[in-house]
Each structure stands twice: as C-alpha cells, then as structure tokens.
Amino acid sequence: RADSPYRIVNLYLGGSLRFCDNERLTAGNIAALAAQGWTFIPTWVGPQAPCSDYRSRFSSEPGEAYRQGAAEAQAALAAAQSLGLSEADGSGTILYYDLESFDDAGDSCVAAAQAFVSGWTERLHAAGSQSGLYGSACNPGLARFASIAAPPDAIWAAQWNRQTYDRQGLGVEVLRP
C-alpha cells in the first residue's frame, strides 16, 4: 500500500457472474491487507436484469425477482461474514450489488429490477447492514431506484462515454490523502 496512490479496493465477493474464483480472496489475506491500511468495497455480481443478454438473469416477475434479490443478499452476507468483512452476525457492513446496464425500454423489466434491488436492500437491512448499488448512470438510470420500496443506501454510478480508456481525456485524477 505504501507504494500505491490508492487506499480503497473493490472486492468481488462472489455471485453467479463473478469472472473468476479468486482463490486469494481469504479472510487471512483480507486481514493482512486491512492491517496495511487498505479499505474495501465488497461487491456481489449475480443475476442480471431479465431483459439483458447475460447468461444468469433474475425473474421478470416482480415477486420472484424480490425473493431472488433477498437470496442474493443472504449469499453475499455469508461471503462477507466468512471473509471478516462484517460482524459475525452479518451486521456492520455495506454490500454493493453490481447491476449491469440493460435496455430500460420495457417497464416490466425495470419493475423486476426495482423489485430485485428492494429484496436485496431489505435483506441487508434485516441483518443490520447497508445496501449499495453499482450500476449504469443511464441504462436504466440509477435514479429509477431512488423511490422504490427499499432504496439502496448508496449508489456507485458507472458511465463510459468513450470507446476506449483515455486517462487524459476523462480528466481522471488520483486522489491522495
């Protein structure tokens, strides 16, 4: 960490769409990194919107999508607990759900996504933790999740406006303490 300008790292804890197993993601390694001063953004990447092209999608029926969101939250809580990222009872953390961009032209798809996020949030709140949502600023637009029954406590907006990464063109700054 002493040689890095960064202080926070995103951790993909699991989910059906996590890219790799990440065998080094262990409680011991997390504790060692925390002792160095790192902090973490625990993120879960599971089923995506029913109108997306992802291989793993939640239901288009809002009631079932809600139940699936709660089940994903429970799995994420178990992962956070096993890694020491929460209290032993699952409280005291924030877990982000990675909901990738999808075409928001269909109201039924947006309703299912809203129900899924409500289920995610309510299960995390029941455990004494907070809910985060990582997603596209535009499709479906994170503002659509602000007025749902159980809105996330935090959002992490992603927006790409270029075909390729251009550090200078994006005005990226490295923030240092």
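Counted residue by residue at 0.36 nm each, then reduced by the alpha carbon distance between them, the extension gain from residue 143 to residue 27 reaches 38.3 nm. Its alpha carbons considered, region 1-101 gives a radius of gyration followed by a Dmax of 15.0, 49 Å. Residues considered: 106, 128, 141. Largest GNM mean-square fluctuation over the chain, using C-alpha springs under 10 Å, is found at 106. Near residue 40, the amide H atoms lying under 5 Å from its own belong to 9; only residues 5 or more places off or on other chains count, and H is placed 1.01 Å from N.
For residue 156, the amide hydrogen comes within under 5 Å of the amide hydrogens of 133, 134, 135, counting only partners 5 or more places away or on other chains and with H modelled in the peptide plane.
Per residue, the accessible area of the chain comes to 55 Å² when a 1.4 Å probe rolls over the protein heavy atoms.
For region 34-142, applying the loop criterion from DSSP together with a ceiling of 14 other beta carbons within 10 Å to the trypsin sites (Lys or Arg not before Pro) yields 55.
Rounded, prolate or oblate for region 29-83? Axes are the square roots of the Cα gyration tensor eigenvalues, ordered a ≥ b ≥ c, and the cut-off for rounded is a/c under 1.5. Show your work: numbers first, answer last.
Values: a/c = 4.17, a/b = 2.43, b/c = 1.71.
Because a/c hits 1.5 or more and a/b exceeds b/c, region 29-83 counts as prolate.
Applied to region 111-127, the Karplus parametrisation 6.51 cos²θ - 1.76 cosθ + 1.60 on θ = phi - 60° returns per-residue 3J(HN,Hα) values of 4, 5, 5, 5, 5, 4, 5, 4, x, 4, 5, 4, 5, 5, 4, 4, 8 Hz, with x for Gly and Pro. Note on residue 18 and residue 41: their simple-model spin labels are 1.7 nm apart, each label 7 Å out from Cα toward Cβ. Taken one residue at a time, the phi angles of region 28-34 give Karplus couplings (6.51, -1.76, 1.60, θ = phi - 60°) of x, 5, 4, 4, 5, 5, 5 Hz. Gly and Pro are set to x. The computed P(r) over Cα pairs in 5 Å bins from 0, in percent for the structure shown corresponds, within [x] 1, 8, 13, 16, 18, 17, 13, 8, 4, 2, 1, 0, 0; [y] 1, 8, 16, 20, 19, 15, 12, 7, 2, 0; [z] 2, 9, 19, 23, 22, 16, 7, 2, 0, to [y]. For residue 84, no residue has an amide H sitting under 5 Å from its own, ignoring neighbours fewer than 5 places away on the same chain, with H placed 1.01 Å from N.
Which is the longest run of the chain containing none of the GluC sites (Glu not before Pro) found in DSSP loop states (not H, G, I, E, B) with at most 12 other C-beta atoms within 10 Å?
Values: sites that count: 23, 173.
Excluding the exposed sites themselves, the longest stretch runs over 24-172.
Taken about its Cα centre, the chain carries a charge dipole of about 440 debye when Lys and Arg each add +1 at the Cβ and Asp and Glu each add -1 at the Cβ. The GNM of the chain, with springs linking C-alpha atoms under 10 angstrom apart, assigns the highest mean-square fluctuation among 37, 135, 90 to 37. Restriction of the chymotrypsin sites (Phe, Trp or Tyr not before Pro) in region 1-59 to DSSP coil positions whose beta-carbon has at most 11 other beta-carbons within 10 angstrom yields 6, 19.
The values are calculated or read from the model by the stated rules, or taken from the named source; none is laboratory data. As the structure is a computational prediction, the values presented were derived from the model and not from experiment. Cβ coordinates were reconstructed from backbone atoms using ideal geometry, including for glycine residues, and neighbour counts include every protein chain displayed. Accessible surface areas use protein heavy atoms only, side chains included; no ligands, DNA or RNA. Shrake-Rupley method; radii C 1.70, N 1.55, O 1.52, S 1.80 Å.
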